[in-house]
Amino acid sequence: MRRERSEALYEQALDVIVGGVNSPSRSFRAVGGGAPVFMKRAQGAYFWDEDGNRYIDYLGAFGPIILGHAHPAVTEAIVKTAAEGTLYGTPTEKEIRFCRMLREAIPSCELLRLVNSGTEAVMSAIRLARAYTGRDKIIKFAGCYHGHSDLVLVAAGSGPSTLGMPDSAGIPQSIAREVITVPFNRLDTLEQALDRWGDQTAAVLVEPLVGNFGIVPPAPGFLEGVNRLAHAAGALVIYDEVITAFRFHYGGVQTLYGVEPDLTALGKIIGGGLPIGAYGGRREIMELVAPVGPMYQAGTMAGNPLSVAAGIACLETLARPGTYERLDQAGERLAGAIAELASRYGIPVQINRKGGAFTVYFTDRPVTDYDGAKAADGEAFARFFHLMLESGVYLPASKYEAWFLTIAHSDEDIDRTIEAVERAFREMKRE
Ligand code: PMP
(Lines give C-alpha, C1' and ligand atoms only; values in the text may rest on other atoms or scores of the structure.)
Protein backbone atom coordinates (compact mmCIF):
# COMPACT_ATOMS: atom_id res chain seq x y z
CA MET A 1 0.00 0.00 0.00
CA ARG A 2 1.53 3.31 -1.05
CA ARG A 3 1.38 6.20 1.35
CA GLU A 4 3.57 8.74 -0.36
CA ARG A 5 1.33 11.69 0.35
CA SER A 6 1.10 10.82 4.05
CA GLU A 7 4.88 10.70 4.16
CA ALA A 8 5.21 14.07 2.42
CA LEU A 9 2.57 15.65 4.65
CA TYR A 10 4.31 14.29 7.73
CA GLU A 11 7.51 16.06 6.68
CA GLN A 12 5.54 19.30 6.30
CA ALA A 13 3.72 18.78 9.59
CA LEU A 14 6.98 18.21 11.48
CA ASP A 15 8.08 21.65 10.39
CA VAL A 16 5.12 23.47 11.92
CA ILE A 17 3.39 21.20 14.46
CA VAL A 18 5.36 19.74 17.33
CA GLY A 19 6.00 16.09 16.52
CA GLY A 20 3.80 16.55 13.46
CA VAL A 21 0.67 15.72 15.46
CA ASN A 22 -1.76 17.67 17.59
CA SER A 23 -2.11 14.86 20.12
CA PRO A 24 0.72 12.41 20.92
CA SER A 25 -1.44 9.28 20.52
CA ARG A 26 -1.75 10.08 16.81
CA SER A 27 1.96 9.49 16.24
CA PHE A 28 3.31 6.07 15.28
CA ARG A 29 6.16 6.20 17.79
CA ALA A 30 4.92 3.17 19.70
CA VAL A 31 4.70 1.07 16.54
CA GLY A 32 8.16 1.71 15.14
CA GLY A 33 7.89 5.39 14.22
CA GLY A 34 7.58 6.85 10.75
CA ALA A 35 4.77 8.79 9.16
CA PRO A 36 1.32 8.36 10.63
CA VAL A 37 -1.45 7.98 8.07
CA PHE A 38 -2.99 11.31 7.12
CA MET A 39 -6.71 10.84 6.66
CA LYS A 40 -8.68 12.86 4.18
CA ARG A 41 -12.23 11.67 4.60
CA ALA A 42 -14.32 9.32 6.71
CA GLN A 43 -17.76 7.81 6.22
CA GLY A 44 -19.47 5.08 8.22
CA ALA A 45 -16.90 2.46 9.23
CA TYR A 46 -14.28 3.69 6.76
CA PHE A 47 -11.39 6.09 6.47
CA TRP A 48 -9.77 7.19 3.21
CA ASP A 49 -6.22 8.47 3.45
CA GLU A 50 -4.53 11.19 1.40
CA ASP A 51 -3.25 8.56 -1.04
CA GLY A 52 -6.75 7.21 -1.66
CA ASN A 53 -6.37 4.00 0.40
CA ARG A 54 -9.45 2.82 2.28
CA TYR A 55 -9.34 1.42 5.83
CA ILE A 56 -11.91 -0.16 8.12
CA ASP A 57 -11.67 2.03 11.21
CA TYR A 58 -11.44 0.51 14.69
CA LEU A 59 -9.97 3.64 16.26
CA GLY A 60 -13.32 5.44 16.43
CA ALA A 61 -11.33 8.64 17.07
CA PHE A 62 -10.29 7.12 20.45
CA GLY A 63 -13.92 6.67 21.39
CA PRO A 64 -16.43 9.32 20.35
CA ILE A 65 -17.35 7.86 16.94
CA ILE A 66 -19.77 5.13 18.05
CA LEU A 67 -22.30 5.81 15.26
CA GLY A 68 -19.66 5.63 12.54
CA HIS A 69 -18.32 8.66 10.72
CA ALA A 70 -20.56 11.38 9.32
CA HIS A 71 -23.72 9.76 10.61
CA PRO A 72 -26.57 11.63 8.87
CA ALA A 73 -28.41 12.45 12.11
CA VAL A 74 -25.31 14.10 13.57
CA THR A 75 -24.27 15.84 10.35
CA GLU A 76 -27.75 17.24 9.85
CA ALA A 77 -27.89 18.54 13.44
CA ILE A 78 -24.52 20.25 13.05
CA VAL A 79 -25.33 21.85 9.70
CA LYS A 80 -28.73 23.08 10.83
CA THR A 81 -27.34 24.47 14.07
CA ALA A 82 -24.33 26.13 12.42
CA ALA A 83 -26.70 28.11 10.21
CA GLU A 84 -28.26 29.56 13.37
CA GLY A 85 -24.92 30.74 14.78
CA THR A 86 -22.10 28.79 16.34
CA LEU A 87 -21.71 30.43 19.75
CA TYR A 88 -23.79 32.90 21.73
CA GLY A 89 -22.24 33.23 25.18
CA THR A 90 -25.78 32.98 26.57
CA PRO A 91 -27.73 29.99 27.79
CA THR A 92 -29.82 28.07 25.25
CA GLU A 93 -32.78 25.72 25.48
CA LYS A 94 -30.81 22.90 23.83
CA GLU A 95 -28.47 22.72 26.83
CA ILE A 96 -31.43 21.95 29.10
CA ARG A 97 -32.67 19.24 26.78
CA PHE A 98 -29.24 17.71 26.50
CA CYS A 99 -28.50 17.77 30.23
CA ARG A 100 -31.91 16.23 30.93
CA MET A 101 -31.01 13.40 28.56
CA LEU A 102 -27.73 12.88 30.42
CA ARG A 103 -29.44 12.92 33.81
CA GLU A 104 -32.17 10.52 32.74
CA ALA A 105 -29.52 8.06 31.61
CA ILE A 106 -27.16 8.65 34.56
CA PRO A 107 -29.34 9.63 37.54
CA SER A 108 -26.43 10.23 39.97
CA CYS A 109 -25.77 13.38 37.90
CA GLU A 110 -28.52 15.37 39.61
CA LEU A 111 -26.92 18.61 38.42
CA LEU A 112 -24.50 18.93 35.54
CA ARG A 113 -22.07 21.41 34.05
CA LEU A 114 -20.89 21.21 30.44
CA VAL A 115 -17.23 21.76 29.57
CA ASN A 116 -15.14 21.23 26.43
CA SER A 117 -13.16 18.06 26.99
CA GLY A 118 -12.72 15.04 29.20
CA THR A 119 -9.63 16.69 30.67
CA GLU A 120 -11.68 19.66 31.84
CA ALA A 121 -14.43 17.45 33.18
CA VAL A 122 -12.07 15.46 35.41
CA MET A 123 -10.05 18.50 36.43
CA SER A 124 -13.22 20.29 37.51
CA ALA A 125 -14.63 17.27 39.34
CA ILE A 126 -11.38 17.02 41.32
CA ARG A 127 -11.49 20.69 42.21
CA LEU A 128 -15.06 20.24 43.33
CA ALA A 129 -14.21 17.24 45.50
CA ARG A 130 -11.47 19.30 47.12
CA ALA A 131 -13.83 22.22 47.65
CA TYR A 132 -16.45 19.95 49.18
CA THR A 133 -14.16 18.02 51.52
CA GLY A 134 -11.62 20.75 52.28
CA ARG A 135 -8.92 18.14 51.61
CA ASP A 136 -6.16 18.07 48.98
CA LYS A 137 -5.12 14.51 48.17
CA ILE A 138 -6.46 12.32 45.38
CA ILE A 139 -6.12 8.58 45.11
CA LYS A 140 -6.04 7.19 41.59
CA PHE A 141 -5.27 3.86 39.97
CA ALA A 142 -2.08 3.09 38.08
CA GLY A 143 -2.51 3.15 34.31
CA CYS A 144 -5.85 4.94 34.30
CA TYR A 145 -5.79 8.07 32.16
CA HIS A 146 -7.83 11.08 33.15
CA GLY A 147 -6.73 13.75 30.70
CA HIS A 148 -3.69 15.98 30.86
CA SER A 149 -4.29 18.24 33.85
CA ASP A 150 -1.32 18.35 36.24
CA LEU A 151 -2.77 16.25 38.99
CA VAL A 152 -3.62 13.17 36.94
CA LEU A 153 -0.45 12.87 34.85
CA VAL A 154 1.13 10.76 37.54
CA ALA A 155 1.27 7.06 36.56
CA ALA A 156 -1.05 7.79 33.64
CA GLY A 157 -2.05 5.17 31.06
CA SER A 158 -3.08 5.64 27.43
CA GLY A 159 -0.81 8.03 25.47
CA PRO A 160 1.65 8.68 28.32
CA SER A 161 2.21 4.94 28.83
CA THR A 162 2.37 4.33 25.11
CA LEU A 163 5.25 6.78 24.91
CA GLY A 164 6.87 5.38 28.05
CA MET A 165 6.29 8.59 30.01
CA PRO A 166 3.56 7.93 32.57
CA ASP A 167 4.95 10.72 34.76
CA SER A 168 5.04 13.92 32.76
CA ALA A 169 7.74 16.55 33.07
CA GLY A 170 6.52 19.94 34.19
CA ILE A 171 4.38 18.75 37.09
CA PRO A 172 5.46 20.50 40.28
CA GLN A 173 6.59 18.21 43.10
CA SER A 174 4.09 19.96 45.32
CA ILE A 175 1.27 18.73 43.06
CA ALA A 176 2.64 15.20 42.47
CA ARG A 177 2.80 14.82 46.26
CA GLU A 178 -0.98 15.19 46.44
CA VAL A 179 -1.58 12.13 44.26
CA ILE A 180 -1.45 8.59 45.56
CA THR A 181 -1.46 5.79 43.00
CA VAL A 182 -2.61 2.26 43.78
CA PRO A 183 -3.16 -0.80 41.53
CA PHE A 184 -6.54 -1.23 39.83
CA ASN A 185 -8.79 -4.09 40.91
CA ARG A 186 -7.20 -4.39 44.36
CA LEU A 187 -8.94 -3.23 47.50
CA ASP A 188 -6.17 -4.15 49.97
CA THR A 189 -3.76 -1.51 48.64
CA LEU A 190 -6.54 1.07 48.44
CA GLU A 191 -7.38 0.32 52.05
CA GLN A 192 -3.73 0.72 53.06
CA ALA A 193 -3.53 4.07 51.27
CA LEU A 194 -6.70 5.25 52.97
CA ASP A 195 -5.48 4.03 56.35
CA ARG A 196 -2.47 6.25 55.92
CA TRP A 197 -3.88 9.29 54.08
CA GLY A 198 -7.66 8.89 54.41
CA ASP A 199 -8.17 12.02 56.49
CA GLN A 200 -6.41 14.09 53.82
CA THR A 201 -8.07 12.46 50.81
CA ALA A 202 -10.64 14.46 48.86
CA ALA A 203 -11.54 11.73 46.38
CA VAL A 204 -10.82 8.33 44.97
CA LEU A 205 -10.80 8.77 41.19
CA VAL A 206 -11.37 5.74 38.99
CA GLU A 207 -12.29 4.60 35.50
CA PRO A 208 -14.98 2.17 36.70
CA LEU A 209 -14.17 -0.02 33.73
CA VAL A 210 -10.72 0.79 32.42
CA GLY A 211 -10.29 1.87 28.82
CA ASN A 212 -6.79 3.28 29.02
CA PHE A 213 -4.51 0.31 29.49
CA GLY A 214 -6.84 -1.57 27.26
CA ILE A 215 -10.27 -2.75 28.29
CA VAL A 216 -10.11 -4.03 31.87
CA PRO A 217 -13.40 -4.64 33.67
CA PRO A 218 -13.69 -4.24 37.43
CA ALA A 219 -13.40 -7.46 39.43
CA PRO A 220 -16.65 -8.45 41.17
CA GLY A 221 -17.06 -6.32 44.30
CA PHE A 222 -14.27 -3.89 43.36
CA LEU A 223 -16.50 -0.86 42.71
CA GLU A 224 -18.61 -1.53 45.80
CA GLY A 225 -15.37 -1.77 47.80
CA VAL A 226 -14.08 1.54 46.40
CA ASN A 227 -17.28 3.26 47.54
CA ARG A 228 -17.24 1.63 50.96
CA LEU A 229 -13.59 2.41 51.70
CA ALA A 230 -13.65 5.96 50.30
CA HIS A 231 -16.85 6.90 52.10
CA ALA A 232 -15.65 5.41 55.39
CA ALA A 233 -12.68 7.80 55.11
CA GLY A 234 -14.95 10.75 54.33
CA ALA A 235 -13.65 10.97 50.76
CA LEU A 236 -15.76 11.25 47.62
CA VAL A 237 -15.74 8.81 44.73
CA ILE A 238 -15.31 10.23 41.22
CA TYR A 239 -16.02 8.01 38.24
CA ASP A 240 -14.27 8.98 35.05
CA GLU A 241 -16.78 7.71 32.50
CA VAL A 242 -15.31 9.70 29.62
CA ILE A 243 -14.76 6.48 27.65
CA THR A 244 -17.39 4.26 29.21
CA ALA A 245 -20.61 6.32 29.29
CA PHE A 246 -23.02 5.26 26.52
CA ARG A 247 -20.46 2.75 25.24
CA PHE A 248 -21.89 -0.50 26.65
CA HIS A 249 -25.50 0.51 27.16
CA TYR A 250 -27.55 3.70 27.22
CA GLY A 251 -26.05 5.09 30.44
CA GLY A 252 -22.85 4.71 32.41
CA VAL A 253 -20.97 1.77 33.83
CA GLN A 254 -22.49 2.97 37.10
CA THR A 255 -26.02 2.33 35.85
CA LEU A 256 -24.94 -1.00 34.34
CA TYR A 257 -23.39 -2.27 37.59
CA GLY A 258 -25.69 -0.40 39.98
CA VAL A 259 -22.91 1.32 41.94
CA GLU A 260 -23.10 5.11 42.08
CA PRO A 261 -20.25 7.57 42.58
CA ASP A 262 -20.57 11.03 44.11
CA LEU A 263 -19.30 12.76 40.98
CA THR A 264 -19.00 11.67 37.35
CA ALA A 265 -16.89 12.99 34.48
CA LEU A 266 -18.20 12.54 30.94
CA GLY A 267 -16.91 13.26 27.43
CA LYS A 268 -16.29 11.62 24.04
CA ILE A 269 -19.51 9.84 22.91
CA ILE A 270 -21.80 12.47 24.45
CA GLY A 271 -20.54 15.04 21.92
CA GLY A 272 -21.18 12.89 18.85
CA GLY A 273 -17.68 13.69 17.56
CA LEU A 274 -17.53 17.37 18.54
CA PRO A 275 -15.55 18.72 21.50
CA ILE A 276 -17.36 18.24 24.78
CA GLY A 277 -17.09 17.22 28.39
CA ALA A 278 -19.43 17.30 31.36
CA TYR A 279 -19.29 16.72 35.06
CA GLY A 280 -22.15 16.09 37.39
CA GLY A 281 -23.15 14.66 40.71
CA ARG A 282 -25.20 15.12 43.82
CA ARG A 283 -27.00 18.44 43.95
CA GLU A 284 -25.57 19.30 47.33
CA ILE A 285 -22.01 18.92 45.99
CA MET A 286 -22.62 20.52 42.59
CA GLU A 287 -24.10 23.59 44.25
CA LEU A 288 -20.61 24.54 45.35
CA VAL A 289 -19.87 25.49 41.72
CA ALA A 290 -20.05 29.15 40.64
CA PRO A 291 -22.28 31.09 40.27
CA VAL A 292 -24.13 29.29 43.09
CA GLY A 293 -21.13 28.40 45.23
CA PRO A 294 -17.50 29.31 45.88
CA MET A 295 -15.75 26.93 43.45
CA TYR A 296 -14.92 28.67 40.20
CA GLN A 297 -15.12 26.92 36.86
CA ALA A 298 -16.07 28.49 33.52
CA GLY A 299 -15.76 28.21 29.74
CA THR A 300 -16.24 30.51 26.75
CA MET A 301 -16.98 27.50 24.53
CA ALA A 302 -18.84 25.43 27.12
CA GLY A 303 -22.24 24.14 26.07
CA ASN A 304 -21.68 25.47 22.57
CA PRO A 305 -24.65 24.89 20.27
CA LEU A 306 -22.78 22.66 17.82
CA SER A 307 -21.49 20.18 20.39
CA VAL A 308 -24.81 20.11 22.18
CA ALA A 309 -26.78 19.55 18.95
CA ALA A 310 -24.39 16.79 17.87
CA GLY A 311 -24.62 15.26 21.34
CA ILE A 312 -28.42 15.22 21.31
CA ALA A 313 -28.48 13.64 17.85
CA CYS A 314 -25.93 11.03 18.90
CA LEU A 315 -27.78 10.06 22.09
CA GLU A 316 -31.13 9.93 20.28
CA THR A 317 -29.65 7.56 17.73
CA LEU A 318 -28.02 5.40 20.40
CA ALA A 319 -31.34 5.18 22.29
CA ARG A 320 -32.95 3.26 19.42
CA PRO A 321 -33.73 -0.35 20.27
CA GLY A 322 -31.08 -2.89 19.38
CA THR A 323 -28.07 -0.55 19.30
CA TYR A 324 -26.11 -2.15 22.08
CA GLU A 325 -27.15 -5.71 21.28
CA ARG A 326 -25.74 -5.16 17.84
CA LEU A 327 -22.46 -3.72 19.12
CA ASP A 328 -22.15 -6.61 21.56
CA GLN A 329 -22.83 -9.25 18.90
CA ALA A 330 -20.34 -7.70 16.51
CA GLY A 331 -17.75 -7.48 19.30
CA GLU A 332 -18.34 -11.07 20.31
CA ARG A 333 -18.00 -12.34 16.75
CA LEU A 334 -14.85 -10.38 15.97
CA ALA A 335 -13.08 -10.94 19.29
CA GLY A 336 -14.10 -14.60 19.25
CA ALA A 337 -12.68 -15.09 15.76
CA ILE A 338 -9.41 -13.38 16.72
CA ALA A 339 -9.06 -15.63 19.77
CA GLU A 340 -9.77 -18.69 17.65
CA LEU A 341 -7.22 -17.69 14.99
CA ALA A 342 -4.60 -16.88 17.63
CA SER A 343 -4.95 -20.32 19.10
CA ARG A 344 -4.89 -21.94 15.66
CA TYR A 345 -1.64 -20.13 14.76
CA GLY A 346 -0.13 -20.58 18.24
CA ILE A 347 0.10 -16.86 18.97
CA PRO A 348 -0.43 -16.10 22.65
CA VAL A 349 -3.11 -13.42 23.05
CA GLN A 350 -5.54 -12.37 25.73
CA ILE A 351 -8.65 -10.55 24.65
CA ASN A 352 -10.50 -8.39 27.14
CA ARG A 353 -13.89 -7.40 25.78
CA LYS A 354 -16.93 -5.53 26.94
CA GLY A 355 -19.66 -5.09 24.33
CA GLY A 356 -18.30 -3.46 21.20
CA ALA A 357 -14.92 -2.60 22.76
CA PHE A 358 -11.96 -4.90 23.26
CA THR A 359 -8.20 -5.09 23.48
CA VAL A 360 -5.97 -7.78 22.03
CA TYR A 361 -2.96 -8.17 24.34
CA PHE A 362 -0.03 -10.21 23.06
CA THR A 363 0.55 -12.17 26.24
CA ASP A 364 -0.44 -15.53 27.67
CA ARG A 365 -1.42 -14.11 31.06
CA PRO A 366 -4.80 -12.60 31.92
CA VAL A 367 -4.71 -8.80 32.12
CA THR A 368 -6.48 -7.41 35.16
CA ASP A 369 -4.28 -4.42 35.98
CA TYR A 370 -1.68 -2.05 34.55
CA ASP A 371 1.26 -4.36 35.25
CA GLY A 372 -0.49 -7.06 33.26
CA ALA A 373 -1.02 -4.67 30.33
CA LYS A 374 2.58 -3.48 30.49
CA ALA A 375 3.78 -7.08 30.28
CA ALA A 376 2.08 -7.57 26.88
CA ASP A 377 4.52 -7.77 23.95
CA GLY A 378 4.73 -4.35 22.31
CA GLU A 379 6.86 -5.55 19.41
CA ALA A 380 4.40 -8.27 18.48
CA PHE A 381 1.65 -5.69 18.66
CA ALA A 382 3.59 -3.29 16.41
CA ARG A 383 4.10 -6.03 13.82
CA PHE A 384 0.41 -6.93 13.96
CA PHE A 385 -0.58 -3.27 13.69
CA HIS A 386 1.42 -2.76 10.48
CA LEU A 387 0.24 -5.99 8.90
CA MET A 388 -3.36 -4.98 9.61
CA LEU A 389 -2.75 -1.51 8.20
CA GLU A 390 -1.39 -3.06 5.01
CA SER A 391 -4.64 -5.06 4.78
CA GLY A 392 -6.70 -1.89 5.12
CA VAL A 393 -7.65 -2.21 8.77
CA TYR A 394 -6.88 0.78 10.97
CA LEU A 395 -6.18 -0.05 14.63
CA PRO A 396 -5.11 2.29 17.42
CA ALA A 397 -1.30 2.53 17.26
CA SER A 398 -0.71 1.36 20.83
CA LYS A 399 -0.88 -1.90 22.73
CA TYR A 400 -2.71 0.02 25.48
CA GLU A 401 -5.72 1.16 23.46
CA ALA A 402 -9.04 -0.49 22.67
CA TRP A 403 -10.61 -1.40 19.35
CA PHE A 404 -13.96 0.38 19.17
CA LEU A 405 -16.77 -0.98 17.03
CA THR A 406 -19.45 1.32 15.70
CA ILE A 407 -22.98 0.67 14.55
CA ALA A 408 -21.69 1.30 11.01
CA HIS A 409 -19.47 -1.83 10.98
CA SER A 410 -21.26 -4.38 8.79
CA ASP A 411 -21.00 -8.17 8.92
CA GLU A 412 -18.94 -7.94 5.78
CA ASP A 413 -16.52 -5.44 7.38
CA ILE A 414 -16.05 -7.88 10.22
CA ASP A 415 -15.49 -10.77 7.81
CA ARG A 416 -12.85 -8.74 6.00
CA THR A 417 -11.22 -7.85 9.30
CA ILE A 418 -11.12 -11.52 10.33
CA GLU A 419 -9.45 -12.37 7.01
CA ALA A 420 -6.88 -9.62 7.64
CA VAL A 421 -6.20 -10.99 11.13
CA GLU A 422 -5.65 -14.45 9.69
CA ARG A 423 -3.18 -13.08 7.12
CA ALA A 424 -1.36 -11.14 9.87
CA PHE A 425 -1.13 -14.11 12.24
CA ARG A 426 0.02 -16.41 9.43
CA GLU A 427 2.76 -13.94 8.54
CA MET A 428 3.77 -13.45 12.19
CA LYS A 429 4.03 -17.21 12.64
CA ARG A 430 6.14 -17.57 9.51
CA GLU A 431 8.65 -14.87 10.61
N1 PMP B 1 -10.68 10.44 30.88
C2 PMP B 1 -10.62 9.31 30.18
C3 PMP B 1 -11.08 8.03 30.81
C4 PMP B 1 -10.15 9.34 28.87
O5 PMP B 1 -10.08 8.20 28.18
C6 PMP B 1 -9.76 10.57 28.30
C7 PMP B 1 -9.25 10.67 26.88
N8 PMP B 1 -8.76 9.55 26.30
C9 PMP B 1 -9.85 11.72 29.09
C10 PMP B 1 -10.33 11.62 30.37
C11 PMP B 1 -9.46 13.05 28.53
O12 PMP B 1 -10.38 13.47 27.58
P13 PMP B 1 -9.99 14.59 26.49
O14 PMP B 1 -8.95 13.96 25.61
O15 PMP B 1 -11.29 14.89 25.83
O16 PMP B 1 -9.45 15.76 27.24
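The values are calculated or read from the model by the stated rules, or taken from the named source; none is laboratory data. Worth saying up front: this structure is predicted, and the values here are computed from it rather than measured. Methodologically, a virtual Cβ is constructed for each residue, glycine included, from the backbone with ideal geometry; neighbour enumeration extends over all protein chains shown.
Restricted to the stretch 183-294, the set of helices (runs of 4 or more DSSP H) holding at least 1 residues that are closer than 25 Å to TYR132 by Cβ and within 16 Å of the ligand (Cβ to nearest atom) comprises 222-232, 253-257. For the stretch 26-37, the count of residues that are without any contact (Cβ under 8 Å) to a residue 12 or more places away in the chain, away from the ligand (no atom under 16 Å from the Cβ), more than 26 Å from the chain's Cα centre (by Cα) and in the same structural domain as GLU379 (by TED's automatic domain parsing) is zero. Residues in the stretch 103-143 that are under 11 Å from ILE238 (Cβ atoms) and at pLDDT below 95: 0 in all.
Against the numbered list (1) in a helix (DSSP H, G or I); (2) buried (at least 21 other Cβ atoms within 10 Å of the Cβ); (3) within 15 Å of the ligand (Cβ to nearest atom), TYR132 comes up short only at (3). Can you work out which of the residues in the stretch 110-127 that are charged (D, E, K, R) and not in a helix (DSSP H, G or I) is nearest to the ligand (Cβ to nearest atom)? Residue satisfying both the conditions and the ranking: ARG113.
Among residues that are closer than 18 Å to GLU390 by Cβ, loosely packed, with under 13 Cβ neighbours inside 10 Å, more than 16 Å from the ligand (Cβ to nearest atom) and not charged (D, E, K, R), GLY89 is not included. When GLU390, GLU332, GLU412 are screened for being closer than 19 Å to GLY63 by Cα and of a type in the set (D, E, K, R), only GLU332 passes.
For the stretch 163-174, check the following and say yes or no: at least one residue is within 16 Å of the ligand (Cβ to nearest atom), within 14 Å of ALA202 (Cβ to Cβ) and in contact with a helix residue (DSSP H, G or I) (Cβ under 7 Å, 6 or more places away or on another chain). Taking every residue of the stretch 163-174 in turn, none turns out to be within 16 Å of the ligand (Cβ to nearest atom), within 14 Å of ALA202 (Cβ to Cβ) and in contact with a helix residue (DSSP H, G or I) (Cβ under 7 Å, 6 or more places away or on another chain). Of the residues making up the stretch 138-162, just one is away from the ligand (no atom under 11 Å from the Cβ) and surrounded by fewer than 20 Cβ atoms within 10 Å (Cβ to Cβ), namely ASP150. Filtered by the rule that a residue be at pLDDT 90 or above and β-branched (Val, Ile, Thr), the stretch 148-170 gives a lone residue, VAL152.
Within the stretch 35-47, identify whether any single residue is among the basic types (Lys, Arg), out of contact with any helix residue (DSSP H, G or I) (no Cβ under 9 Å at 6 or more places or on another chain) and closer than 27 Å to TYR324 by Cα, and answer yes or no. Yes: one or more hits.
Return yes when ALA61 is modelled with pLDDT of 95 or more, buried (at least 20 other Cβ atoms within 10 Å of the Cβ) and assigned to a helix (DSSP H, G or I) and no when it is not. It is false that ALA61 is modelled with pLDDT of 95 or more, buried (at least 20 other Cβ atoms within 10 Å of the Cβ) and assigned to a helix (DSSP H, G or I). Per this entry, TYR394 is not counted among residues that are aromatic (Phe, Trp, Tyr), within 26 Å of VAL206 (Cα to Cα) and crowded, with 19+ Cβ neighbours inside 10 Å.
A residue that is within 16 Å of the chain's Cα centre (by Cα) and within 23 Å of PRO218 (Cα to Cα) occurs somewhere in the stretch 279-297.
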